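Heads up: the structure comes next, in C-alpha cells.
The values are calculated or read from the model by the stated rules, or taken from the named source; none is laboratory data. Source: prediction; values computed, not measured. Cβ placement follows ideal geometry from the backbone for every residue including glycine, while neighbour counts extend to all protein chains displayed.
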Amino acid sequence: MTQAEESFSLYLHIPFCRHRCSYCDFNTYTTVGELKEVYARALAAEIRQVAGEVRRPAHTVFFGGGTPSLMSPEALACILDAVRESFDLAGDAEVTMEANPGTVDEAYLAAVRALGVNRLSFGVQSVVTAELALLEREHDFAAVVAAVAAARQAGFVNVNLDLIYGVPGQTLRSWEESLQAVLSLAPQHLSLYCLTIEPGTPMARWLRNGRIAPPDPDLAADQYELACGLLAEYGFVHYEISNWALPGYQCAHNLTYWRTRPYLGLGAGAHGFAGGYRYVVVKQPRVYIRRMQQGAGGEFPLSAAVAEAHQVSRREAMSDVVITQLRLLEEGLDLVAFAERFGVSLDDAFDGAVTRLMGWGLVQADNGRLRLTEKGRFLSNQVFYWFV
Ligand code: SF4
C-alpha cells in the first residue's frame, strides 16, 4: 500500500472547557471560550493544509478535548466540511465526539447527528456525589441519565461512558455502585481509567498537603478485577487494557492507535503519527490560530502549527509496536509480522525480554501472537518497561 492509499484516522482537538477538573492535565483552557468560532476556522485550515492536493482515504474522525460538545453545530460543520473536502471519508466512517453531561440536550445532539457524528463518548467518571465533587466535575448523575436519554432520542446507537477508579475516598462498594449505574444506561462501550495524580494539578497539591490520601494500588487492582468480572457478566468483551465493548462496538479510532497505524493529530496540542513522523502541534489556542492564519505547511503531515516533529527511528518503531499492540488483549502482537518487518525476532530485539516475561507469567505466546496474561494486565506498565 502506498502512503497515498493508506487510510488515516483523524484526531481533532478542541481545547475548551467551562471549568478545569481537579485532576486534569489535558491541553484545555477555561478563559478563551470566545475563540471557539475562529478556532474552528483555523482547524479547518489546518485540515486542508495537511491534506494538500492529495485526497487520502480516512476511516475515523475523533473530536477530543477539552469539551468538544461546547462547540456550536455550525463550528463543527465548518470542521467536518473541511474533512470531507480534503479526505476521502469512508461511507461507514466512525465519527466520535467527546461530550460532557450537562452540556448537551436532544436538539443539540440531533444537530450533531445530522452532521455525521455517529458515536458519543460521555465523561461520566463516577456516579457518587462526593467523588464527583473531589474530581471537581460539574455534573451529577441525573445529568448523565438525561444526556444518555437525549443521545438515544437523537438517534445515537453507539455510546461510550468513561469512569475513573482509584479515586481517593472511593471504595470497592462505591466503585461497584458506579459500574452498576452506568450499566443500567445500556452503553455499547465502557472506558475505565485508573486515576493518575499529575504534577501541577490541584489534586497533586491536595496530596502534598494531606487533604487526600495517597492512591492505594491494591484497592485499584481490586477495583479493576471487580470490573473485569462484572462486565464479562454483562456480555462486554475486554479488548484493550482499559476498554470494554459489546461485540461489534470496539472503538475503530482507538484501534488505529493500538494497531500502530497512522493517524493525523490536528488542533492545538494534538499528537500525530504519520508519514514516518511523530509530531505535536503547538498547545496555546491563540498561537495555534495565529500560526494557521499566517503560515505555510511543511511536508506531509506537518502543518504550519506543528511545534515539534521527529522521524521515527527503527528502535522507536519497534518499541511503539510492542507498547501499543500488547494493549490489545485479544489480538495481541503478531510475532511473525514483527520479525518480517524488522528482520529480527521480538525476543532478540529486546535482549531476551519476552523469554524473561514469559518466565514470570506476564505474557504468553499462542498461535504466533504474544498477549498479556491476566497477571500481566495488572502489571502492564512493568511489562512495557522492558520494551522502552
Ligand atoms: S472536562 Fe475533561 S478536559 Fe475538561 S477540565 Fe475536565 S478532565 Fe479536563
Counted residues, segment 115-143 - those being on the phi < 0 side of the Ramachandran plot and touching a Leu at 6+ places or on another chain (Cβ under 9 Å): 14
Criterion violated by Ser69 - all others in (1) in a helix (DSSP H, G or I); (2) within 16 Å of the ligand (Cβ to nearest atom); (3) farther than 30 Å from Ala149 by Cβ satisfied: (3)
Any hit, segment 192-200, residues being part of a helix (DSSP H, G or I) and out of contact with any Lys or Arg (no Cβ under 9 Å at 6 or more places or on another chain): no
Segment 121-145 residues that are within 16 Å of Ser184 (Cβ to Cβ) and at pLDDT 95 or above, paired with ones that are among the small types (Gly, Ala, Ser) and more than 14 Å from the ligand (Cβ to nearest atom) (beta carbon under 7 Å, 6 or more apart): Ser126/Ser178; Val127/Ser178; Val127/Ala181; Val128/Ser174; Val128/Ser178; Phe141/Ala181
Count of segment 279-334 residues which are basic (Lys, Arg) and either touching a Pro at 6+ places or on another chain (Cβ under 6 Å) or surrounded by 19 or more Cβ atoms within 10 Å (Cβ to Cβ) (or both): 2
Complete set of residues in segment 75-105 that are of a type in the set (Gly, Ala, Ser) and either more than 16 Å from the ligand (Cβ to nearest atom) or modelled with pLDDT under 95 (or both): Ala75, Ala77, Ala82, Ser86, Ala90, Gly91, Ala93, Gly102
Selection status of Ala58, more than 16 Å from the ligand (Cβ to nearest atom) and either among the aromatic types (Phe, Trp, Tyr) or touching a Cys at 6+ places or on another chain (Cβ under 6 Å) (or both): no
Qualifying position, being within 13 Å of the ligand (Cβ to nearest atom), in contact (Cβ under 8 Å) with a residue 24 or more places away in the chain and either under 22 Å from the mean Cα position of the chain (by Cα) or surrounded by fewer than 23 Cβ atoms within 10 Å (Cβ to Cβ) (or both), among Phe8, Phe63: Phe63
Candidate set from segment 224-272 (those that are in contact with a Gly (Cβ under 7 Å, 6 or more places away or on another chain) and not in a loop (DSSP other than H, G, I, E, B)); member that is surrounded by the fewest Cβ atoms within 10 Å (Cβ to Cβ): His271
Candidate set: segment 106-139, residues that are surrounded by fewer than 16 Cβ atoms within 10 Å (Cβ to Cβ) and of a type in the set (Gly, Ala, Ser); chosen: the one nearest to the ligand (Cβ to nearest atom): Ala133
When residues of segment 31-47 are limited to those that are in a helix (DSSP H, G or I) and more than 30 Å from Pro57 (Cβ to Cβ), the one nearest to the ligand (Cβ to nearest atom): Gly33
Test: residue in segment 7-30 that is in a loop (DSSP other than H, G, I, E, B) and β-branched (Val, Ile, Thr): yes
Members of segment 101-158 that are of a type in the set (D, E, K, R) and closer than 26 Å to Ala227 by Cβ: Arg119, Glu131, Glu136, Arg137, Glu138, Asp140, Arg152
